[in-house]
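Enquirer: Got a structure here, written out as structure tokens. Questions coming.
The values are calculated or read from the model by the stated rules, or taken from the named source; none is laboratory data. Note that this is a predicted model, so its numbers are computed, not measured. Every residue, glycine as well, gets a Cβ built from its backbone with ideal geometry; the counts of neighbours run over all protein chains shown. Remember, those area values only see protein heavy atoms, side chains included, never the ligands or the DNA or RNA. Shrake-Rupley method; radii C 1.70, N 1.55, O 1.52, S 1.80 Å.
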Amino acid sequence: MENEIPSVNRVDEIKDRLRDLEGQRVKVRANMGRSRIVERAGTLVHVHPSLFVVEVEERRQSYQYVDILTGTVELFDIDSGERLFDYVAEEQQ
């Protein structure tokens, strides 16, 4: 547990990585609650201090960085299908 990265630093890591992906297409899987999971492909259009925005079919959807950290929102590479962030899986080990 001594090598554990604090959650605040992980949120900063997520922001930095998303800034690098800004303008690229991604696949989003979001758990909307009550067993409702939505999957969409869109373009990462904005990275703000507390949230990021994905544009899907001329409609914009915003998500918080902590949603990635908790696994509520998952982002995937549009071409390979590879998950871009794996923080939840790391914590369960």
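Enquirer: For residues that are loosely packed, with under 14 Cβ neighbours inside 10 Å and of a type in the set (Lys, Arg), tally how many sit in the range 7-38.
Expert: Qualifying residue count for the region: 3.
Enquirer: How many residues does the range 37-69 contain that are aliphatic (A, V, I, L, M), in contact (Cβ under 8 Å) with a residue 12 or more places away in the chain and touching a strand residue (DSSP E or B) at 6+ places or on another chain (Cβ under 6 Å)?
Expert: Taking the range 37-69 and keeping what is aliphatic (A, V, I, L, M), we get 37-38, 41, 44-45, 47, 51, 53-54, 56, 66, 68-69.
After this cut, where a residue has to be in contact (Cβ under 8 Å) with a residue 12 or more places away in the chain as well, the list is 41, 44-45, 47, 51, 54, 56, 66, 68-69.
If we keep only those that are touching a strand residue (DSSP E or B) at 6+ places or on another chain (Cβ under 6 Å) too, we end up with 41, 44-45, 51, 54, 56.
Number of matching residues: 6.
Enquirer: I'm trying to understand the selection: among the residues of the range 39-48, which are surrounded by 12 or more Cβ atoms within 10 Å (Cβ to Cβ) and modelled with pLDDT under 95?
Expert: Answer for the range 39-48, where residues must be surrounded by 12 or more Cβ atoms within 10 Å (Cβ to Cβ) and modelled with pLDDT under 95: just 40.
Enquirer: Every residue in the range 49-73 that is open to solvent by 40 Å² or more (accessible area, probe 1.4 Å) and either assigned to a strand (DSSP E or B) or touching a helix residue (DSSP H, G or I) at 6+ places or on another chain (Cβ under 9 Å) (or both), please.
Expert: The answer is 49, 50, 51, 55, 59, 60, 61, 62, 64, 66, 70, 72.
Enquirer: If you don't mind, another one. Restricting attention to the range 24-48, which residues are in a loop (DSSP other than H, G, I, E, B) and more than 16 Å from residue 14 (Cα to Cα)?
Expert: Just the residues of the range 24-48 that are in a loop (DSSP other than H, G, I, E, B), to begin with: 24, 32-36, 48.
Within the range 24-48, 32, 33, 34, 35, 36 meet the criteria.
Enquirer: Can you find, within the range 1-36, the residue that is modelled with the lowest pLDDT among those that are farther than 15 Å from residue 70 by Cα and of a type in the set (A, V, I, L, M, F, W, C)?
Expert: First, pick out the residues of the range 1-36 that are farther than 15 Å from residue 70 by Cα: 1-4, 16-27, 34-36.
Now narrow it down to the ones that are of a type in the set (A, V, I, L, M, F, W, C): 1, 18, 21, 26.
Numbers: 1: 47, 18: 96, 21: 95, 26: 97.
Taking the candidates together, the pick is 1.
Enquirer: Test residue 60 against the stated conditions and say whether it is in contact with an Asp or Glu (Cβ under 6 Å, 6 or more places away or on another chain), modelled with pLDDT of 90 or more and of a type in the set (D, E, K, R). Working first, answer last.
Expert: Numbers: in contact with an Asp or Glu (Cβ under 6 Å, 6 or more places away or on another chain): no; modelled with pLDDT of 90 or more: yes; of a type in the set (D, E, K, R): yes.
In short, no.
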